[in-house]
1. Taking interchain pairs and intrachain pairs at least six residues apart, which have beta carbon atoms under 9 angstrom, with the first residue in segment 43-60 and at negative phi and the second of a type in the set (D, E, K, R)?
2. Can you name every residue in segment 11-53 that is closer than 13 Å to residue 85 by Cβ and among the small types (Gly, Ala, Ser)?
3. Identify the single condition in (1) of a type outside the set (Phe, Trp, Tyr); (2) under 20 Å from residue 90 (Cβ atoms); (3) over 14 Å from the mean Cα position of the chain (by Cα) that residue 40 does not satisfy, given that it satisfies every other one.
4. Would you be able to say whether some residue in segment 60-71 is among the basic types (Lys, Arg), closer than 30 Å to residue 179 by Cβ and in contact with a Phe, Trp or Tyr (Cβ under 9 Å, 6 or more places away or on another chain)?
5. Could you pull out the residue among 126, 143, 106 that is surrounded by fewer than 14 Cβ atoms within 10 Å (Cβ to Cβ) and either outside any helix (DSSP H, G or I) or touching a helix residue (DSSP H, G or I) at 6+ places or on another chain (Cβ under 8 Å) (or both)?
6. Is it fair to say residue 66 is basic (Lys, Arg) and at pLDDT below 95?
7. Could you grab me the full set of residues in segment 42-66 that are part of a helix (DSSP H, G or I), out of contact with any Leu (no Cβ under 8 Å at 6 or more places or on another chain) and among the basic types (Lys, Arg)?
8. Quick check on segment 76-95: of everything there that is free of Cβ contacts under 8 Å to residues at least 40 places away in the same chain and not in a loop (DSSP other than H, G, I, E, B), which residue is nearest to the chain's Cα centre (by Cα)?
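The values are calculated or read from the model by the stated rules, or taken from the named source; none is laboratory data. Values in this document were obtained by computation on a predicted structure and should not be read as measured data. Ideal geometry is used to build each Cβ from the backbone, glycine not excepted, and the neighbour counts take in all protein chains shown.
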Amino acid sequence: MRLLIMGPQGVGKGTQAALLSEHYEIPAISTGDIFRYNIKNQTELGKEALSYTDKGELVPDELTNKIVKDRLAMDDAQNGWILDGYPRNAAQVAALDEMLKQLGVKLDAVVALEADRDVLMKRMAKRAEEQGRSDDTPEAIAKRLETYEKETAPLLDIYRERGLLRSFNGVGEIDEISKTIISKLDEQ
């Protein structure tokens, strides 16, 4: 099973990706985790990524694409994976399409989690409080949600047109949401 999990910050992507990963016995791959792994292990890709993050800049698409391609080629991803946090824009969709073509595999589905903006704001404020995250200020949260709406949400239409999009309510009991997602994925 090869899946994308998409949705705005705070909707529960990481939580659901972990549960789906366990159920399907495939790795949940977060682009943030990929960057941290490469930086920690001082790979060439990690060193290059660090040159941007150290300056507070976003890692360019070209480098992000290289890192994702490298990760998808690893042994534990041969039978499938769940990508969380990628693609984030149309250029990355095209890059992922090319990667899949080169690997000789197809995307099975795109899981989109949805929730109202006020719910997301409350969730992230609570997360900031519990985890002491300095990047979860109301202003930063609002900016990230705006960036998602502007750059990433339009990608859902691409996957809808391809017949791959499966949308789910991201509000409710975690286990119930997971059961609903798995039930729909298993139907296909």
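1. From residues that are at negative phi, the pairs are 43/70; 45/66; 45/70; 46/36; 46/40; 48/66; 51/57; 59/48.
2. Correct list: 14, 17, 28, 30, 32.
3. Residue 40 satisfies every listed condition except (2).
4. Here is the first cut: in segment 60-71, the residues among the basic types (Lys, Arg) are 66, 69, 71.
Remaining after also requiring closer than 30 Å to residue 179 by Cβ: 71.
Subset that is in contact with a Phe, Trp or Tyr (Cβ under 9 Å, 6 or more places away or on another chain): 71.
For segment 60-71, residues among the basic types (Lys, Arg), closer than 30 Å to residue 179 by Cβ and in contact with a Phe, Trp or Tyr (Cβ under 9 Å, 6 or more places away or on another chain): present.
5. From the options 126, 143, 106, the qualifying one is 106.
6. Considered against the rule, which asks whether it is basic (Lys, Arg) and at pLDDT below 95, residue 66 comes out as yes.
7. 47, the sole residue that qualifies.
8. To start, the set of residues in segment 76-95 that are free of Cβ contacts under 8 Å to residues at least 40 places away in the same chain comprises 78, 91-92, 94-95.
Next cut, not in a loop (DSSP other than H, G, I, E, B) only: 91-92, 94-95.
Details: 91: 15, 92: 12, 94: 16, 95: 15 Å.
Among residues in segment 76-95 that are free of Cβ contacts under 8 Å to residues at least 40 places away in the same chain and not in a loop (DSSP other than H, G, I, E, B), the one nearest to the chain's Cα centre (by Cα) is 92.
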